Amino acid sequence: MKVVRKNAKTIEAAVELALEELGVGRDQVEVNVIEQPVKGMLFGIGAKDAVVEVSYEDAAAAAPAEPAAVAAATADPGADAIAFLTPVFEALKIQPEYQITEEDGIHWVTFHGKGLGVLIGRRGETLDALQYLTNLAVNRQFEEKNRIVLDVEGYRATRAETLTNLAKKMANKARRSHRDMILEPMSPHERRVIHMALQDEEDVRTVSVGEEPYRKVIIKLVANESDRYDNRDNRGRYDRSRRGGNRGYNRERSQRPDGAASAE
């Protein structure tokens, strides 16, 4: 059982951070909300982040490793990733060059060469799938999980910049139209980029909805939610004040003595 604790502006953003670190989908984990987020007062005074614990039972880690995998295993997760992917490259008839670096405990394997679009796929779907399988295969031999990120010609950074621009654009559209903006289904990594891009925006918030692989992000205008609650609280007040029409006036007329003259 692996447990990750994360905090962020919203519960969904904190969960996405944990999913990104674990490298798994929402349907594979259990989420425990430790602290609810608090918006705070003016200028964010008293605001508190949401805190969640996300637990994941790695069934693959408990399974016995295949003899061939054990024989090919090394002490270097990056090299093991290349060993796992080499048969894939041979099947695709490509020979990419690669560079292995480690940053903040993450093993980056970046590929360079011609004709590598096949490794990326539509909006990075193939690259995400290869990365998921690589992490499963390599981490079988290690007691402590190593996180491996696959990249092709800087695609990850380019895609992150595109998604950040998209998040800003759709947030502005939500402000102009006063409507929630629903984005297309994305991977956990891409949803995290959206959440992070807007986490410091005071007038919008992001939530993830749906099940994998169709899980998507909704950008919500905070003012819309406040108005919805205000309307719910004020519902019926106007009707109650008008209920009965001119009953008070009619009651006054009915109490006049017979023969009393009106002011008219």
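The values are calculated or read from the model by the stated rules, or taken from the named source; none is laboratory data. Since we're looking at a predicted model, the values are computed, not measured. Cβ placement follows ideal geometry from the backbone for every residue including glycine, while neighbour counts extend to all protein chains displayed. These accessible areas exclude ligands, DNA and RNA; they are computed on the full protein's heavy atoms, side chains included. Shrake-Rupley method; radii C 1.70, N 1.55, O 1.52, S 1.80 Å.
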- Message: Take the conditions open to solvent by 60 Å² or more (accessible area, probe 1.4 Å), of a type in the set (Val, Ile, Thr), at pLDDT below 95 and part of a helix (DSSP H, G or I) and apply them to Val118. Does it pass?
- Response: yes
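Each row is one residue, and each column tells you yes or no for (1) closer than 27 Å to Pro185 by Cα; (2) buried (at least 19 other Cβ atoms within 10 Å of the Cβ); (3) in contact with a Cys (Cβ under 7 Å, 6 or more places away or on another chain).
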position	(1), (2), (3)
His112	no, no, no
Arg122	yes, no, no
Tyr132	yes, no, no
Asn135	yes, yes, no
- What pairs come up if the first residue lies in the stretch 123-142 and is without any contact (Cβ under 8 Å) to a residue 12 or more places away in the chain and outside any helix (DSSP H, G or I), the second is of a type outside the set (Ser, Thr, Tyr) and surrounded by fewer than 17 Cβ atoms within 10 Å (Cβ to Cβ), and their beta carbons are under 8 Å apart, counting only those six or more places apart or on different chains? none
- Task: Please name all residue pairs, on different chains or six or more residues apart, with Cβ atoms under 6 Å, provided the first residue is in the stretch 103-118 and is of a type in the set (S, T, N, Q) and the second residue is open to solvent by 60 Å² or more (accessible area, probe 1.4 Å) and at pLDDT 90 or above.
- Result: Thr110/Gln99
- Item | helices (runs of 4 or more DSSP H) wholly inside the stretch 52-108 that include at least 2 residues being at pLDDT 90 or above and loosely packed, with under 12 Cβ neighbours inside 10 Å | 77-92
- Note on the structure: Inside the stretch 162-205, the number of residues satisfying the requirement of being outside any loop (DSSP other than H, G, I, E, B) and either aliphatic (A, V, I, L, M) or under 24 Å from Thr126 (Cα atoms) (or both) is 23
- Message: Against the definition (open to solvent by 40 Å² or more (accessible area, probe 1.4 Å) and modelled with pLDDT of 95 or more), how does Thr158 come out, yes or no?
- Response: no
- Item | Where Arg147 falls short, out of the listed (1) charged (D, E, K, R); (2) surrounded by 17 or more Cβ atoms within 10 Å (Cβ to Cβ); (3) farther than 29 Å from Ala197 by Cα | (3)
